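Report on the following structure.
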Amino acid sequence: MSAKLVERLIITAEKSRPAPDGGFLLSGAEVSVELPFEPARYLYHGWQSWSLAAWREIDQPLPLQKPAILHPMQLDPVHVRDARPNGSWLGAVETPEEGILFLGSLGLDAHVELDGRRLIGRYEAGSGDWFVGAGDETTVMARYADLLAKRLGQGRVATPPRVWCSWYSLYTAIDEALLHKVLADLGDLPFDVFQVDDGWQRAIGDWEPNAKFPSGMDALSAHIRASGRIAGLWLAPLLVVPSAPLYHQHPDWLLRDEKGHPVSAGFNWGEPLYALDTTHPAALEWLAALMRKVRGWGYDYLKLDFLYAGALPGKRYLDLPREAAYRNGLQVLREAMGDAYFLTCGAPILPSIGLCDGMRVGPDVADLWVSPRDAILLANPTTPGGQNALRTTLHRLWLSPLLHTDPDVVYFRSRRCSLSPQEKGLLQDLSLVAGFKATSDLPAWWTAEERQQVQTWLEARPRLQRLGRYSFKIDDRPVDFGPHIAMPPTPRGLQKLQGKLIGWLGSQPFVLRVLFKNGERALQKMLAENV
Ligand code: 9PG
């Protein structure tokens, strides 16, 4: 720790004492640290898996990302309009001595912002503890992770699984026969898990197999397990859509606002999304029964997605802070799923620690590097794409002592993929650095050479060394991600106007419905031609 700097800080808190390895432990509903220098860059740390995490110049505020209808599923909706540099639970600035000054909460429901020369931390409800550290970035973040481990716990699984996941090739167009074919085509490639993603269920909230899975989900898992692999399943258990019977059967289980309207959890699958109240005893019992059911079907790896829904602001059956309410729900899910591998996704970061084995730590990848429309016009760094996934994942690797950090899948295929060989290489290297390997490539799309690359990647256990914020050594090969994660320019003038228009259109449910229908049609066409 940088002792000289720490001595010069002016700390305001109810209680403050030196931390064992340098820095300070503070307590208080609101704490502040006065900086003895003018900071130039701030570490934005987004709320959930998909939200942006990145260093950014303080004099270049982040433009408001669009469309607004997706804010609940891409940001912390409470802090969308915060004008100052800010982030969930933690924040940091670079110091003149090439280190960082860091403030992070040790409890849930906390937020940090930079007000001029003051880092301020606040608990949303009540009070709690904080850690202040200064010095080398990797060392300070490791110390913070260590303190969190003591309070929140850690994942239980030593070795991260190697996963084949159905999403980034087949999307919702999966069916029983197709998955059997993929499983056969994978042959003896050493994937530990074959994970069925979105597309098997009747509806979001109606977790029974649809007509594309006539033999049932238990028959499918038996087939997967017969190949020597663990069967994995995707669910979004905390979401409910109006087309699901649950929405009408249990209106009292929905998270509501002060006026009694269901709280928006975003918009997807051509429908508005709503959230279950994870403090409602009957809803919790239903969630536990759901976990027991899918375990009973034979799925021992669960990817639970869109989990942020459980931590949105609203009125609950029990008057708990929102992240505490979420964590109680997660605890019930964890206990009911027993010893299954638990991957959280779309998950608020801190309140998931200790209850899951792995966590998606960035937004979705895609078979493209960046969408200029989304990145520039919509100023949205959370939509699917290689660059967005790379950027945020790199800023969340500090979580690796606490859980397996899932950077999302990597691509080897050249078929149906617009990533350049270099971009594919960056994502592959990221998977090695993050220590979690997954792909969605259809084996039938690989050339013989690509299949060989997959085999080599799956078997690799490289020596890893972190050289800097974005630079690593993988065995003896230096890798620098730094040049590839620049933030897009802030839209001005005509682009800003275009962005406003597209953002407005993108917030209209009828537009999103049309886009969804078009997407489904394009997917069917793609499958007819390629599978
Ligand atoms: C299945 C997918 C995959 C994927 C998940 C998640 O902000 N959004 O609109 C948004 C939509 C979907 C999404 C992420 C963000 O993808 O990350 O791996 O499981 O659901 O529907």
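A compact table of results
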{"quantity": "Enumerated strands (runs of 3 or more DSSP E) restricted to the stretch 436-497, each holding at least 3 residues that are farther than 24 Å from Asp59 by Cα, in contact with a Lys or Arg (Cβ under 9 Å, 6 or more places away or on another chain) and outside the structural domain of Leu64 (by TED's automatic domain parsing)", "calculated": "437-439, 464-466, 471-474"}
{"quantity": "Qualifying residue in the stretch 92-101 (condition: away from the ligand (no atom under 16 Å from the Cβ), surrounded by fewer than 22 Cβ atoms within 10 Å (Cβ to Cβ), in contact (Cβ under 8 Å) with a residue 12 or more places away in the chain and closer than 26 Å to Ala324 by Cβ)", "calculated": "no"}
{"quantity": "Residues that are farther than 19 Å from His71 by Cβ, among the hydroxyl-bearing types (Ser, Thr, Tyr) and within 15 Å of the ligand (Cβ to nearest atom), drawn from the stretch 300-353", "calculated": "Tyr301, Thr344, Ser352"}
{"quantity": "Of all residues making up the stretch 357-380, the number that are surrounded by 24 or more Cβ atoms within 10 Å (Cβ to Cβ), under 13 Å from the mean Cα position of the chain (by Cα) and not small (Gly, Ala, Ser)", "calculated": "5"}
{"quantity": "Those strands (runs of 3 or more DSSP E) lying entirely in the stretch 77-135 with at least 2 residues closer than 28 Å to Asn380 by Cβ", "calculated": "86-88, 90-94, 100-105, 110-115, 118-123"}
{"quantity": "Sole residue being crowded, with 16+ Cβ neighbours inside 10 Å, within 30 Å of the chain's Cα centre (by Cα) and within 16 Å of the ligand (Cβ to nearest atom), chosen from Pro85, Pro39, Pro72, Pro63", "calculated": "Pro72"}
{"quantity": "Single match in Arg143, Arg202 (criterion: surrounded by fewer than 20 Cβ atoms within 10 Å (Cβ to Cβ), over 19 Å from the mean Cα position of the chain (by Cα) and at negative phi)", "calculated": "Arg202"}
{"quantity": "Residue match in the stretch 282-297 (condition: within 16 Å of the ligand (Cβ to nearest atom) and either over 17 Å from the mean Cα position of the chain (by Cα) or not assigned by TED's automatic domain parsing to the domain that holds His250 (or both))", "calculated": "yes"}
{"quantity": "Of all residues making up the stretch 332-379, the number that are charged (D, E, K, R) and either part of a loop (DSSP other than H, G, I, E, B) or free of Cβ contacts under 8 Å to residues at least 24 places away in the same chain (or both)", "calculated": "6"}
{"quantity": "Hey, Ser221 of a type in the set (S, T, N, Q) and within 16 Å of the ligand (Cβ to nearest atom) or not", "calculated": "no"}
{"quantity": "Residue match in the stretch 271-280 (condition: among the aliphatic types (A, V, I, L, M) and within 16 Å of the ligand (Cβ to nearest atom))", "calculated": "yes"}
{"quantity": "Qualifying position, being among the aromatic types (Phe, Trp, Tyr) and in a helix (DSSP H, G or I), among Tyr308, Tyr299", "calculated": "Tyr308"}
{"quantity": "Any hit, the stretch 242-257, residues being within 16 Å of the ligand (Cβ to nearest atom) and either surrounded by 15 or more Cβ atoms within 10 Å (Cβ to Cβ) or in a helix (DSSP H, G or I) (or both)", "calculated": "yes"}
{"quantity": "Residues of the stretch 397-424 classified as closer than 30 Å to Cys356 by Cα and either among the aliphatic types (A, V, I, L, M) or within 16 Å of the ligand (Cβ to nearest atom) (or both), total", "calculated": "12"}
{"quantity": "Selection status of Asn388, within 22 Å of the chain's Cα centre (by Cα), assigned to a helix (DSSP H, G or I) and within 15 Å of the ligand (Cβ to nearest atom)", "calculated": "yes"}
{"quantity": "Residues of the stretch 503-531 that turn out to be closer than 14 Å to Gly266 by Cβ and either in contact with a strand residue (DSSP E or B) (Cβ under 7 Å, 6 or more places away or on another chain) or exposed (fewer than 12 other Cβ atoms within 10 Å of the Cβ) (or both), as a count", "calculated": "2"}
{"quantity": "The stretch 42-59 - residue that is outside any strand (DSSP E or B) and over 14 Å from the mean Cα position of the chain (by Cα) and, of those, nearest to Thr95 (Cα to Cα)", "calculated": "Ile58"}
{"quantity": "Criterion violated by Arg151 - all others in (1) without any contact (Cβ under 8 Å) to a residue 24 or more places away in the chain; (2) of a type in the set (Lys, Arg); (3) closer than 25 Å to Leu355 by Cβ satisfied", "calculated": "(1)"}
{"quantity": "Qualifying residue in the stretch 407-429 (condition: crowded, with 20+ Cβ neighbours inside 10 Å, touching a Pro at 6+ places or on another chain (Cβ under 9 Å) and more than 30 Å from Leu62 (Cβ to Cβ))", "calculated": "no"}
{"quantity": "Search result, residues across the stretch 173-195 that are within 16 Å of the ligand (Cβ to nearest atom), in contact (Cβ under 8 Å) with a residue 60 or more places away in the chain and crowded, with 18+ Cβ neighbours inside 10 Å", "calculated": "Val193, Gln195"}
{"quantity": "Long-range neighbours under 6 Å by Cβ, at least six apart or interchain, first residue farther than 18 Å from Gly386 by Cβ within the stretch 474-485, second exposed (fewer than 13 other Cβ atoms within 10 Å of the Cβ)", "calculated": "Asp475/Arg463"}
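Each row is one residue, and each column tells you yes or no for (1) small (Gly, Ala, Ser); (2) crowded, with 20+ Cβ neighbours inside 10 Å; (3) not in a loop (DSSP other than H, G, I, E, B).
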| site | (1), (2), (3) |
| --- | --- |
| Gly266 | yes, yes, yes |
| Leu287 | no, yes, yes |
| Met291 | no, yes, yes |
| Tyr317 | no, no, no |
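The values are calculated or read from the model by the stated rules, or taken from the named source; none is laboratory data. Note that this is a predicted model, so its numbers are computed, not measured. As a convention, Cβ positions derive from the backbone with ideal geometry for all residues, glycine included, and neighbour counts pool all protein chains shown.
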